[in-house]
Amino acid sequence: MRVSPQKARLVLDLIKGRRVEDALNTLAFTKKRVAPTIEKLLKSAIDNANYMNTEKGIDVDVDSLYVKRAVANDGPRMKRIRPAPMGRAYRYVRRIAHIEIALAERNKNGAEGMATVVGEEKQAAPAKKKATPRAKAKGKAPAKKKKVAAKK
């Protein structure tokens, strides 16, 4: 999308964690320029979940979907030049946002836990490092140095 990621995040923060119906209503009445594009993307994600339910045989209840993750990342930047006085030129950057929306299904009891995640890849958590003796020694407070008066 040809909008800065910062501006897209303002709208995405409004719909994070909301039910799909509430998110669509919020986007319909938001006055930001990027809102219709995000609404179109959200409808596409709902249609993908519906497709998975009917064609792929994955059991997804479309009525219990909510916006699990909504992110706007930086895309490539377009460098442009604007004419300036006295034959000079000012450079400016036109930003692009990569917008991602992931939907998930709430459990039957309405808890935040997920029964099914739609359209998201899971990443393995990094392994915890063991504390080394050197790292333990760094944890101690350093000894204070005494000030030496300068000789005149």
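Bear in mind these aren't lab numbers, they're just calculated from the coordinates by the rules spelled out. Predicted, not measured: the structure shown is a model, and the values here were computed from it. Counting neighbours? That spans all protein chains shown, and the Cβs are built from the backbone with ideal geometry, glycine included.
Every residue in region 10-35 that is basic (Lys, Arg) and closer than 24 Å to ARG106 by Cβ, please.
LYS16, ARG18, ARG19 - these are the residues of region 10-35 that are basic (Lys, Arg) and closer than 24 Å to ARG106 by Cβ.
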### Task
Inspect all residues belonging to region 16-37 and state whether any of them is farther than 11 Å from ILE99 by Cα and under 14 Å from the mean Cα position of the chain (by Cα).
yes
### Message
Pull out all pairs, ordered by first then second residue, where Cβ-Cβ is under 9 Å, the residues are six or more apart or on different chains, the first lies in region 22-43 and is within 23 Å of SER64 (Cα to Cα), and the second is part of a helix (DSSP H, G or I) and among the aromatic types (Phe, Trp, Tyr).
### Response
none
### Message
Just to verify a result, which residue in region 16-47, among those that are within 18 Å of VAL62 (Cβ to Cβ) and hydrophobic (A, V, I, L, M, F, W, C), is surrounded by the most Cβ atoms within 10 Å (Cβ to Cβ)?
### Response
ALA23
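Select from region 22-69 the residues that are β-branched (Val, Ile, Thr), assigned to a loop (DSSP other than H, G, I, E, B) and more than 19 Å from VAL3 (Cα to Cα) and list them in ascending order. It would help to see each step written out before you state the result.
First pass over region 22-69, keeping only residues β-branched (Val, Ile, Thr): 26, 30, 34, 37-38, 46, 54, 58, 60, 62, 67.
Filter again for assigned to a loop (DSSP other than H, G, I, E, B), leaving 30, 34, 58, 60.
Of everything in region 22-69, those that are β-branched (Val, Ile, Thr), assigned to a loop (DSSP other than H, G, I, E, B) and more than 19 Å from VAL3 (Cα to Cα) turn out to be ILE58, VAL60.
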